[in-house]
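The values are calculated or read from the model by the stated rules, or taken from the named source; none is laboratory data. Please read all numbers here as calculations on a predicted model, not as lab measurements. Virtual Cβ from ideal backbone geometry, glycine too; neighbours counted across all protein chains shown.
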Amino acid sequence: MKKLLIFAFTVLSVFLSLGHTVSAQVNISFETGTNPGSFTTVYASQTNITNWSVDFGSVDYIGTYWQPSTGVRSIDLNGQNQRGQISQIIPTTTGWTYKVTFDLSGNPDGGPTVKFMSVSADKEQTQFYFYIIGNNTRVDMQWEPNTYHFTANFPITFLSFTSQITGFYGPALDNINVSVETQVCHQLEKTLTLSPPEVAVHLAHGDTPGPCAEK
Ligand SMILES: [Ca+2]
């Protein structure tokens, strides 16, 4: 019994110390790939952006053209007068819930003023996000942090980021991080920190992923 307890404690300690980052997720800040210079339009099936797929349309791989959120490169989800989608297949554990954080801005060169985009897991659990341009500029993009949650249905998950507007000037994306969700908001009142399987149980009972909103 004592050995079992020590083992359980060790597993828990490793879990808590790792921060639950999904290790095989790579190039989260778009820093690796064919040097885009100022920027390069990347079309579907082109592989300029390491480990990221452009699934349809086109995106702009941004280098020096505007201020990134982190590093020196980022993405405009609208490329050559068309909306685009980028995706990455990441390892997941079936039934576990994941938190995706990303920074969002918008191409300040032109409209629409509201830059809509969406995030999906396996083309489901889609959530929509927007960024309003007007105050940001290419040298001061005023990136904003956003959070997306999904529950994995398979040992791998197709994570995609999609522009929902037409034209040349799309939502701007950078600094994507995926981690295992360990917190739920219990009955909209109390934030609980749990093991991932326990998180799944709580979500099945109607709790919401992530900490409770501050009141
Ligand atoms: Ca970057």
Given Gly63, Gly106, which one is in contact with a Lys or Arg (Cβ under 8 Å, 6 or more places away or on another chain) and within 12 Å of the ligand (Cβ to nearest atom)? Gly63
Identify, from the list Thr41, Thr47, the residue that is away from the ligand (no atom under 13 Å from the Cβ), at pLDDT 95 or above, assigned by TED's automatic domain parsing to the domain that holds Asp140 and not in a loop (DSSP other than H, G, I, E, B). Thr41
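Results for (1) modelled with pLDDT of 95 or more; (2) touching a Ser or Thr at 6+ places or on another chain (Cβ under 6 Å); (3) not β-branched (Val, Ile, Thr), shown as yes or no for each residue.
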position: Gly71; (1), (2), (3): yes, yes, yes
position: Ile75; (1), (2), (3): yes, no, no
position: Gln80; (1), (2), (3): yes, yes, yes
position: Ile86; (1), (2), (3): yes, no, no
position: Thr101; (1), (2), (3): yes, yes, no
position: Gly106; (1), (2), (3): yes, no, yes
position: Pro112; (1), (2), (3): yes, no, yes
position: Asp140; (1), (2), (3): yes, no, yes
I need a count of the residues in the range 97-133 that are touching a Pro at 6+ places or on another chain (Cβ under 9 Å) and either free of Cβ contacts under 8 Å to residues at least 24 places away in the same chain or closer than 23 Å to Tyr61 by Cβ (or both). 14
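Take the range 137-180 and flag every residue that is among the acidic types (Asp, Glu) and in contact (Cβ under 8 Å) with a residue 60 or more places away in the chain. First the steps, then the outcome.
In the first step, residues of the range 137-180 are kept if they are among the acidic types (Asp, Glu); the result is 140, 144, 174.
Answer for the range 137-180, where residues must be among the acidic types (Asp, Glu) and in contact (Cβ under 8 Å) with a residue 60 or more places away in the chain: Asp140, Asp174.
This table checks each residue for (1) part of a strand (DSSP E or B); (2) more than 16 Å from the ligand (Cβ to nearest atom); (3) at pLDDT below 95; (4) not assigned by TED's automatic domain parsing to the domain that holds Asn27.
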residue	(1), (2), (3), (4)
Asn146	yes, no, no, no
Thr157	yes, yes, no, no
Thr162	yes, yes, no, no
Pro197	no, yes, yes, yes
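Which ranges mark the strands (runs of 3 or more DSSP E) fully within the range 72-139 that have 1 or more residues being of a type in the set (A, V, I, L, M, F, W, C) and touching an Asp or Glu at 6+ places or on another chain (Cβ under 6 Å)?
Numbers: elements: 74-76, 85-91, 97-106, 114-121, 124-132.
Because the criterion is at least 1 residues that are of a type in the set (A, V, I, L, M, F, W, C) and touching an Asp or Glu at 6+ places or on another chain (Cβ under 6 Å), the strands (runs of 3 or more DSSP E) in the range 72-139 that meet it are 97-106.
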Checking the condition over 29 Å from Asn153 (Cβ atoms), away from the ligand (no atom under 16 Å from the Cβ), crowded, with 22+ Cβ neighbours inside 10 Å and of a type outside the set (S, T, N, Q), which residue from Gly79, Gly84 passes? Gly79
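Table: residues versus (1) over 21 Å from Gln85 (Cα atoms); (2) out of contact with any Asp or Glu (no Cβ under 8 Å at 6 or more places or on another chain).
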| site | (1), (2) |
| --- | --- |
| Tyr148 | no, yes |
| Ala152 | no, yes |
| Leu173 | no, no |
| Asn177 | no, yes |
| Glu189 | yes, yes |
